[in-house]
Amino acid sequence: MNRNYLACFVLFSVLSGCASLPENTGRTESYVFTDTQDTMLGRDARGDLAKGAAKDGFVLLGSGLDAFVARAALAEVAERSIDVQYYLYHNDLVGKLFTGFLWKAAGRGVRVRILVDDMGLDGRDEGIIALDSHPNIELRIFNPFDREIGRGVQFVTGHCKDNEALVLDQTALSDPGQTLVIYMGLAHLPQIVRDLVAAGRPEETPVAIVEHGTTPRQRNIVTTIGELQQAVDRHAIASPAMLIIGPVVALAEELDWFMPWAQEMELKKYA
């Protein structure tokens, strides 16, 4: 498979999660405190500076337990502010314990600022809103995802060896929250359509057919699961072609800026 072809749809799927978010404007500005010299940690740092022993640097913590204890201890002694940045803020035991430390610190008047990736927050909006409701906690999300569009993508091959039956991953077919990408599937299209419907995907689910992706010959056809076979026949779609299935297809026009760029890159290869 053309690597550009595959990369195109990986990017398409990633971009789709944030394509229809509101503009990032009108946010309240927030700044780090600089008058912390009289806190316990500030006095310790000032003493090291006076001795000429303090330098910028970092300490590598070799275990998850050490990392958690360090965060918990710092949260316990914080007097003015705590700044926290997380990539994956899980709703597990460690996440709940650390949230408790932050909430406790906020309760004694410490300003807590949390910057967290949206990647692990699916289904946890109410808890995040509750945490942000504390007057001393400021919570901001980066890498946000649209809640109406599936944030996951599953790649499935529609090809099988000669004299072997095509067996598709039923979990991938049935999960409406997953964008499903099927490649090399034209030869078994009737079975694919039957399996999608049998797995619970509604016939009106949008489908994008991309023929000769990221090449000058690329064609994009948008249809539905119920009309998929007719669309392939009507437009005489030929391999290689890829099927993109799910609500993300509704954003095809919004994300169409990427296709001309990909085609231009492909043309440059042969210039």
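Going through F101, F68 one at a time, which residue ends up being in the same structural domain as E138 (by TED's automatic domain parsing), surrounded by 11 or more Cβ atoms within 10 Å (Cβ to Cβ) and farther than 21 Å from R140 by Cα? I'd like the intermediate steps shown before the answer.
Working: F101 fails: farther than 21 Å from R140 by Cα.
Sole residue among the options that is in the same structural domain as E138 (by TED's automatic domain parsing), surrounded by 11 or more Cβ atoms within 10 Å (Cβ to Cβ) and farther than 21 Å from R140 by Cα: F68.
Out of all the residues in segment 53-109, which are outside any helix (DSSP H, G or I), among the acidic types (D, E) and without any contact (Cβ under 8 Å) to a residue 24 or more places away in the chain? Break it down into steps so the answer makes sense when it comes.
At the first step, the residues of segment 53-109 found to be outside any helix (DSSP H, G or I) are 53-63, 78-92, 108-109.
With the extra rule that they be among the acidic types (D, E), the set shrinks to 56, 79, 83, 92.
Listed by number, the residues that qualify are D56, D92.
The values are calculated or read from the model by the stated rules, or taken from the named source; none is laboratory data. Since this is a predicted model, take the numbers as computed values, not measurements. Ideal geometry is used to build each Cβ from the backbone, glycine not excepted, and the neighbour counts take in all protein chains shown.
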